[in-house]
Amino acid sequence: MSKGTLYIVATPLGNLEDITLRAIRILKEVSVIACEDTRRTVKLLNRYEIRTPMFIFHDYNKQRAGAVLMRRLSEGESVALVSDAGTPAISDPGYELVREAIGAEIPVEVIPGPSALISALVVSGLPTDHFAFEGFLPHRKEKRRKALSALVEETRTMIFYESPQRVAAFLSEASEILGERRACLVRELTKVHEEILRGTLSELAAEIARRGTVLGEITLVVGGAQKTVEMSVEEIVGAAIEDASGSSRDLAREISERTGLSRKEVYAEILRQRARTQP
């Protein structure tokens, strides 16, 4: 008997139009849809007239439900794994099911689509060339502070998920421990009340504290620590300017963001070096 396929299907973050044609087809063709909450998934299924049966699979029943899904896959049925929103297997037990399926030599296919962490990163305005996804930090204050302290020297842009109830505490502690970093708070992505707040950690902490309460799904993007610069400004600009064809201001901004050097100082050095090479 041939085995079924486990499909990892990304679903909309909020706006039900954000789904691919392939995802709709797969959700209609599989034997069952494994989801976290049938009340949320059924809204998507109803929108696209998908009648496939649902099966609850989440953190609290993952062992029992996972065994059932593995048996069905082994018997030739195909399963679509979805989360409440976005791409499954990120900050949910989906990765454990994927790991088991791989171990049992069951085919696994991904149907790509929305992802809160990637969407928040690209809209934040912070560097995207290197980033680290940290997900949810510990709930308890002591453990959360310890986790933040371990990230003080992280130079990559960092992405966190946080609940509305704890976001004020997170921002306050992050501002204290990480310092005056640039950050972006993205709330209710793609939904009617979508909101994007940019500023320093202390500015965002003050704004959320002023509001008292916030609602909705929250993703936080925080700039990394400034990199230690061992080369001189002249050497850094000299190395960068060789292959650069854009404006001096754009190049100065790029170098400043990458190294932490003063944009004004870098811009002056670029002008000096470019003037020296003029005929």
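The values are calculated or read from the model by the stated rules, or taken from the named source; none is laboratory data. Keep in mind it's a predicted model, so treat the numbers as computed, not measured. Quick reminder, even Gly has a Cβ in these numbers, built from the backbone with ideal geometry, and neighbours come from all protein chains shown.
Assorted remarks:
- Search result, residues across the range 156-167 that are part of a loop (DSSP other than H, G, I, E, B) and either within 30 Å of Thr20 (Cα to Cα) or in the same structural domain as Pro88 (by TED's automatic domain parsing) (or both): Ser163, Pro164
- Per the listing Val214, Val229, the residue uniquely modelled with pLDDT under 95 and within 22 Å of Leu151 (Cβ to Cβ) is Val229.
- The residue pairs whose first member lies in the range 14-26 and is at pLDDT 95 or above, whose second member is among the charged types (D, E, K, R), and whose beta carbons are closer than 8 Å, counting only pairs six or more residues apart or on different chains, are Asn15/Lys191; Leu16/Lys43; Leu16/Arg47.
- Helices (runs of 4 or more DSSP H) within the range 168-265 that include 3 or more residues within 21 Å of the chain's Cα centre (by Cα): 201-211
- The single residue among Glu105, Glu142 that is surrounded by fewer than 20 Cβ atoms within 10 Å (Cβ to Cβ), closer than 30 Å to Arg72 by Cβ, among the acidic types (Asp, Glu) and not assigned by TED's automatic domain parsing to the domain that holds Ser256 turns out to be Glu105.
- Flag for Ser247 being farther than 22 Å from His130 by Cβ, without any contact (Cβ under 8 Å) to a residue 40 or more places away in the chain and hydroxyl-bearing (Ser, Thr, Tyr): yes
- Filter result for the condition that a residue is in contact with a Ser or Thr (Cβ under 9 Å, 6 or more places away or on another chain), surrounded by 13 or more Cβ atoms within 10 Å (Cβ to Cβ) and free of Cβ contacts under 8 Å to residues at least 40 places away in the same chain, over Ala205, Ala183, Ala116, Ala169: Ala205
- Single residue of the range 87-106 satisfying the filter (in contact (Cβ under 8 Å) with a residue 24 or more places away in the chain and in contact with a strand residue (DSSP E or B) (Cβ under 7 Å, 6 or more places away or on another chain)) that is nearest to Ala67 (Cα to Cα): Leu97
- Any hit, the range 78-92, residues being of a type in the set (S, T, N, Q) and closer than 16 Å to Asp18 by Cα: yes
- Single residue of the range 41-64 satisfying the filter (among the aromatic types (Phe, Trp, Tyr) and touching a strand residue (DSSP E or B) at 6+ places or on another chain (Cβ under 9 Å)) that is surrounded by the fewest Cβ atoms within 10 Å (Cβ to Cβ): Phe55
- Residue, farthest from Glu17 (Cα to Cα), within the range 30-60, restricted to residues that are modelled with pLDDT under 95 and of a type outside the set (D, E, K, R): Tyr60
- For the range 65-88, a residue qualifies if it is small (Gly, Ala, Ser) and crowded, with 17+ Cβ neighbours inside 10 Å, and the qualifying residues are Ala65, Gly66, Ser78, Ala80, Ser83, Ala85, Gly86.
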